[in-house]
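K.L.:
Structure in C-alpha cells, see below.
The values are calculated or read from the model by the stated rules, or taken from the named source; none is laboratory data. This structure is a prediction, so every number in the text was calculated from the model and none was measured. Cβ coordinates were reconstructed from backbone atoms using ideal geometry, including for glycine residues, and neighbour counts include every protein chain displayed.
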C-alpha cells in the first residue's frame, strides 16, 4: 500500500500526514526532504526521506498544491511506521560502536540496561522525528 510505504519513508505523525501538501517536498543535492510546516508544538522541521523515495516523490508530485492524503485510515498504525522509520534511519547514520569514544555513546538504563547506541545518530533521528531528546528515541523507537 502506498500509504504504508510513504509513512515508513518519512516517519510523520498522523496530523502531519493529514496536513501534508505536495509542495512540501524539497530537494537538497541528492537527498529529498519533507518540510513539515506545523509539527508537534507548532514547530517546523525538515524530515529526510529514506526507503522508497520514488513513491514519496510520485505521491507528492501528483498531489501538487493539494493534500497528499485526503483521508488516513483510523486503523493505520502510524506510530508503528514512525518506529520503523526511526530504526531504519538510525541504521543508516549510526557509526560502529567500537570506534566511538565513551562520550559519544549512549548507554540505556532500566529495562534496556546494557544496550549502547551512537549518541550523534540518535540526536539526528530524534530531530527528524520532531523530538530533541535522545532518551525518547531510546525508550520508544529503537530496539
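K.L.:
The conditions are (1) touching a helix residue (DSSP H, G or I) at 6+ places or on another chain (Cβ under 9 Å); (2) farther than 30 Å from residue 16 by Cα; (3) free of Cβ contacts under 8 Å to residues at least 12 places away in the same chain, and residue 98 fails exactly one of them. Which is it?
P.N.:
Answer for residue 98: the failing condition is (1).
K.L.:
Also, I was wondering about something else. Only one of these is closer than 19 Å to residue 16 by Cα and either touching a strand residue (DSSP E or B) at 6+ places or on another chain (Cβ under 9 Å) or exposed (fewer than 12 other Cβ atoms within 10 Å of the Cβ) (or both): 84, 65. Name it.
P.N.:
65
K.L.:
Sticking with this structure for a sec: As an exercise: evaluate residue 75 against (1) more than 17 Å from the chain's Cα centre (by Cα); (2) part of a loop (DSSP other than H, G, I, E, B); (3) surrounded by 15 or more Cβ atoms within 10 Å (Cβ to Cβ) and give the number of the one condition it does not meet.
P.N.:
(3)
K.L.:
For residue 55, work out the one condition from (1) crowded, with 20+ Cβ neighbours inside 10 Å; (2) assigned to a helix (DSSP H, G or I) it doesn't fulfil.
P.N.:
It is condition (1) that residue 55 fails.
K.L.:
Assess whether residue 142 counts as being farther than 18 Å from residue 5 by Cα, in contact with a helix residue (DSSP H, G or I) (Cβ under 7 Å, 6 or more places away or on another chain) and either in contact (Cβ under 8 Å) with a residue 24 or more places away in the chain or buried (at least 20 other Cβ atoms within 10 Å of the Cβ) (or both).
P.N.:
Yes.
K.L.:
OK, next. Just checking, how many residues over the stretch 6-24 are at pLDDT 95 or above and either assigned by TED's automatic domain parsing to the domain that holds residue 127 or in a strand (DSSP E or B) (or both)?
P.N.:
So the count comes out to 0.
K.L.:
Please verify whether residue 90 is surrounded by 14 or more Cβ atoms within 10 Å (Cβ to Cβ), free of Cβ contacts under 8 Å to residues at least 60 places away in the same chain and part of a helix (DSSP H, G or I), treating the condition exactly as stated.
P.N.:
Yes: the conditions hold for residue 90.
K.L.:
Name the residues in the stretch 121-139 that are surrounded by 15 or more Cβ atoms within 10 Å (Cβ to Cβ) and in contact (Cβ under 8 Å) with a residue 12 or more places away in the chain, would you?
P.N.:
Across the stretch 121-139, the qualifying residues are 121, 122, 124, 125, 127, 128, 129, 130, 134, 137, 138.
Here's the yes/no breakdown for (1) modelled with pLDDT of 90 or more; (2) assigned to a loop (DSSP other than H, G, I, E, B); (3) on the phi > 0 side of the Ramachandran plot; (4) touching a strand residue (DSSP E or B) at 6+ places or on another chain (Cβ under 6 Å):
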position: 111; (1), (2), (3), (4): no, no, no, no
position: 117; (1), (2), (3), (4): yes, no, no, yes
position: 132; (1), (2), (3), (4): no, yes, no, no
position: 137; (1), (2), (3), (4): no, no, no, no
